[in-house]
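Note sheet for the following structure.
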Amino acid sequence: MDEELKLLAKKIVDRVSRKVKKACSTDFYRFGSNVGVGADGTVTKFIDKFAEDIAVDVIRKSKLKVNLLSEEVGFIDNKGKYTFVLDPIDGTRNAYRGIPFYSVSIAVGKKSMNDVEYGIVKNIPTGDVFSAEKKFGAFFNNKQIRVPDVPDKELLSSLSLGKNYDKHTLRLAKKDKVRSLGSASLEMCMVALGALDYYVIGKEYIRVIDIAASSLILREAGGVVTNILGEDLDMLFDLNERSSVVAACNRDMVQGLIS
């Protein structure tokens, strides 16, 4: 992939992260305020719009022609060859509640998740960065990572629970040690790192902006990303498409989770 595209993605991630962290000390009380409705039909919080505006401004000022798909503005066609699939804040509720586990996420591709060539996810509160380039591996703070060859004997998962639970996640919640952390991109990166053994969203509500970057990162780390039926997951760059997700270190584990 063109180095300039990767540098632009990194610039957006770094600028969003820096300005959001700064805003925590001055505008935190506004983070959870409703400021409209986004292109995906969900309520827009101040923190989402704030972060997205930063990214849009960087792209607008860039000499590179790249399209943008993002949560609030939807699709911006700049007649580019590549599209930046952006989740300006993944883990919005964590962000405005003060829970230090939320990210900015960018995937660079053309039409769907399967043709994503570069992905970057940054945990804004900690500064930790996950990245991957197709066929070149996955990295955590610039050090290459791989999923464990053998999962831990005492499996640790992250599941979508609460009002978004379904029969699959309810069954799994009774099986292994469980966390529910609230940021899909980071939870999938935790699987890539080996901190979690698997991550499951049984209901079809996840969007491509949530997982386009982290899916590449997990796959480049040797992991597997499917839907709840065990089918390799691909999603179009379309905010209207929703899916379930099973992210694990290997296919045998996926089969065990969905059977």
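The values are calculated or read from the model by the stated rules, or taken from the named source; none is laboratory data. Remember, predicted model here, so these are calculated numbers, not experimental data. Reconstructed Cβ throughout: ideal geometry from the backbone, glycine too, with neighbour counts over all protein chains shown.
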Inset, instruction - State yes or no: is residue 56 at pLDDT below 95, hydrophobic (A, V, I, L, M, F, W, C), within 21 Å of the chain's Cα centre (by Cα) and under 21 Å from residue 208 (Cβ atoms)? - result: no
Inset, instruction - Give the residue that is surrounded by the most Cβ atoms within 10 Å (Cβ to Cβ), with candidates limited to residues of segment 59-92 that are touching a residue at least 60 places away in the same chain (Cβ under 8 Å) and over 16 Å from the mean Cα position of the chain (by Cα). - result: 82
Inset, instruction - Run down 122, 135 and say which single residue is closer than 17 Å to residue 84 by Cβ and in the same structural domain as residue 82 (by TED's automatic domain parsing). - result: 122
Inset, instruction - Answer with yes or no whether residue 145 is among the β-branched types (Val, Ile, Thr) and either under 15 Å from the mean Cα position of the chain (by Cα) or over 22 Å from residue 251 (Cα atoms) (or both). - result: no
Inset, instruction - Working only within segment 122-145, note down all residues that are farther than 30 Å from residue 24 by Cβ, of a type in the set (D, E, K, R) and in a loop (DSSP other than H, G, I, E, B). - result: 134, 135
Inset, instruction - Working only within segment 115-173, note down all residues that are under 25 Å from residue 22 (Cβ atoms), β-branched (Val, Ile, Thr) and in contact (Cβ under 8 Å) with a residue 40 or more places away in the chain. - result: 120, 121, 124, 129
